[in-house]
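Novice: After the structure tokens below, expect a handful of questions from me.
The values are calculated or read from the model by the stated rules, or taken from the named source; none is laboratory data. Keep in mind that what you see is a predicted model, and the values were worked out from it rather than measured. Here the Cβ is made from the backbone with ideal geometry for all residues, glycine too, and neighbour counts use every protein chain on show.
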Amino acid sequence: MRESGQMFIELIVGIAIVMLTLVGVVSLSTQSTKTSRIGGNRSEATTYAERYLEKIRRDRDSDPAYFFSHLPSGSCIAGSVPAVYTCTVSSIGSPLVKVTVTLSFVDGSNTFHVTEQTILTNN
């Protein structure tokens, strides 16, 4: 009788160890997936911000006189990604213009921001 009680306790301890190990593995897997998703979103956001800066450069190169007399402002990008895009174009002294593109996206309860900047000249 004493041996069966001891075996039962060993069985319970063994099951507890296996359960704790499984909980740790599942938790680690979940965190890894979340980190990977955030990294992918950040990479995509950076790509969109860089593309918009290239669009601004093309606009400037195609007609500098018009571009510098009609500086864009406000929200610049409307994409299919569930994110908020803003663009700020400000003169920092002739002939320089600073362009800042900020893209914000939400993942769970956290908001992430990606900012890209460039300075354009009118020469």
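Novice: So, S4, is that one hydroxyl-bearing (S, T, Y), modelled with pLDDT under 80, exposed (fewer than 13 other Cβ atoms within 10 Å of the Cβ) and in contact with a strand residue (DSSP E or B) (Cβ under 9 Å, 6 or more places away or on another chain) or not?
Specialist: Spelling it out, it is not the case that S4 is hydroxyl-bearing (S, T, Y), modelled with pLDDT under 80, exposed (fewer than 13 other Cβ atoms within 10 Å of the Cβ) and in contact with a strand residue (DSSP E or B) (Cβ under 9 Å, 6 or more places away or on another chain).
Novice: Answer with yes or no whether R42 is under 16 Å from N122 (Cα atoms) and in contact (Cβ under 8 Å) with a residue 60 or more places away in the chain. Spell out the reasoning first.
Specialist: Details: under 16 Å from N122 (Cα atoms): no; in contact (Cβ under 8 Å) with a residue 60 or more places away in the chain: yes.
So R42 does not fit the description; no.
Novice: If the requirement is being of a type in the set (S, T, N, Q), under 21 Å from the mean Cα position of the chain (by Cα), surrounded by 14 or more Cβ atoms within 10 Å (Cβ to Cβ) and modelled with pLDDT of 75 or more, which of these qualifies: T86, T35, T100?
Specialist: Values: T86 fails: modelled with pLDDT of 75 or more; T35 fails: surrounded by 14 or more Cβ atoms within 10 Å (Cβ to Cβ).
Just one listed residue meets the conditions, T100.
Here's the yes/no breakdown for (1) farther than 29 Å from F105 by Cβ; (2) touching a residue at least 24 places away in the same chain (Cβ under 8 Å); (3) among the aliphatic types (A, V, I, L, M):
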position	(1), (2), (3)
I15	yes, no, yes
L20	yes, no, yes
L28	no, no, yes
K34	no, yes, no
T47	no, no, no
E50	no, yes, no
